[in-house]
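One structure is given below, encoded as structure tokens.
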Amino acid sequence: MFDGFVTERLDSGHAVISVRHGGAGPAVLLLHGHPRTSATWHLVAPDLVRRGFTVVCPDLPGYGRSTGRTPTPDHSAHSKRVFADDMVTVMAELGHDQFHLAGHDRGSYVALRLALDHPEAVDHVALLDCIPISEHLRRADTRFATAWWHWFFFAQPATPERVINADPASWYAGDPAVMGQENYDEFREATSKPSVVRAMLEDYRAGLTVDRAAEDADRLAGRRVEAPLLVMWSLRDDLEGLYGDPLEIWRSWATDVRGHGIDSGHHMAEEAPRALANDLADFFGAAASTT
């Protein structure tokens, strides 16, 4: 995976972030979701490099091979604001004070927070399989609670750790034939670590508490994403079925919104990498290369 990329560990001051980066041209930061690692981008990232981009793929703090902060009772150590600050620090250490940004699943919430808190750093932002956490919770009904019950299970103290760590291979399903063997092996290594499981759960606990509060404060203050926003969602997942057109929700959060569904299951970087890379490259605007 990631032929020609450099892999290193960068200290953000509060976390040590494992990051892959390669290429030349405008910088793109790709943020993975739960329970994946940066390896989920192993087909998309090289494609973007071929199209003229520098691509940076970190493991989110506490995920994969990154380390994060010690959990706190209010879960703020795993807030999206803290994660976003770490990502800005990592990009600056790599020489990128301004960059394009894409996030999937939990990584999309980090990307949203980064775009809101650090607008000067973000050229364009793509959010994949995402509406704001507060919008999910504002619309929560029986269908949402049944389909997304894990949000509320993960929020419970201690019990999720005991359940998941008893048999992580059964809890975190994955298919190497779909994911690619090396990506699968890295995902399996990460999800077998109790420290990673704890960090991932703290991510969700922060989502229902400090992250929702931050989004509610944004709405009250009238803050919006000012960078051009591309929204894409998996047509074989449930986002559109739960909420209708996600663009209608995003138009109240951003000034310049476009997007569409993509023919994929939830993990679009693994299931539809070529289509995803095409759409990201077109949106980010580098000259495409066919080599």
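The values are calculated or read from the model by the stated rules, or taken from the named source; none is laboratory data. Keep in mind that this is a model prediction, so the values were computed, not measured. Because the Cβ atoms are built from the backbone with ideal geometry, glycine has one as well, and the counts that use them run over all protein chains shown. To get the accessible areas, we keep the full protein, side chains included, count just its heavy atoms, and leave off ligands, DNA and RNA. Shrake-Rupley method; radii C 1.70, N 1.55, O 1.52, S 1.80 Å.
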What is the gain in length, in nm to one decimal, between Phe153 and Leu247 on full extension, counting 0.36 nm per residue of separation less the C-alpha to C-alpha distance? 31.0 nm
Please calculate how many Å² of accessible area the range 93-158 carries per residue, with a 1.4 Å probe and no DNA, RNA or ligand atoms counted. 36 Å²
About its Cα centre, the chain carries a charge dipole, from +1 on Lys and Arg Cβ atoms and -1 on Asp and Glu Cβ atoms, whose size in debye to the nearest 20 is 380 debye
What residue among Gly222, Gly52, Gly261 shows peak mean-square fluctuation when the chain is described by a Gaussian network model with Cα springs under 10 Å? Gly222
The range 16-83 and the range 199-225: distance between their alpha carbon centers, rounded to Å: 19 Å
Helix-only [θ] at 222 nm, the chain, -39500 (n - 2.57) per DSSP H run of 4+, per residue, nearest 500, equals -11500 deg cm²/dmol
Counting only the heavy atoms of the protein chains, how much of Ser264 is accessible to a 1.4 Å probe, in Å² to the nearest 10? 0 Å²
What are the residues whose amide H is under 5 Å from the amide H of Arg224, where those residues sit 5 or more places off or on another chain and H is modelled from the backbone? none
The relative contact order of the range 94-166, taking Cα pairs under 8 Å that sit 6 or more residues apart, comes to a percentage of 27 percent
Would you work out which of Thr54, Pro176, Leu239 lies farthest towards the positive end of the dipole of the chain, given +1 charges on the beta-carbon of Lys and Arg and -1 on that of Asp and Glu, about the Cα centre? Leu239
Taking alpha-carbon centroids only, the range 103-126 lies from the range 129-195 a number of Å equal to 21 Å
Report, to the nearest whole %, how much of the accessible area of the range 80-212 belongs to carbon and sulfur atoms, 1.4 Å probe, protein only. 54 percent
According to a simple spin-label model (label point 7 Å from Cα along Cα-to-Cβ), what is the distance in nm between Asp256 and Ala140? 3.5 nm
Mind computing the radius of gyration and Dmax over the alpha-carbon atoms of the chain? Å is fine for both. 17.5, 51
Val178-Glu8 FRET efficiency (beta carbon distance; Förster radius 22 Å; 0.05 resolution): 0.20
I need the Debye-formula profile for the range 1-91: one equal scatterer per C-alpha, no solvent, reported as log10 I(q)/I(0) at q = 0.13, 0.20, 0.24 1/Å, two decimals. -0.41, -0.89, -1.19
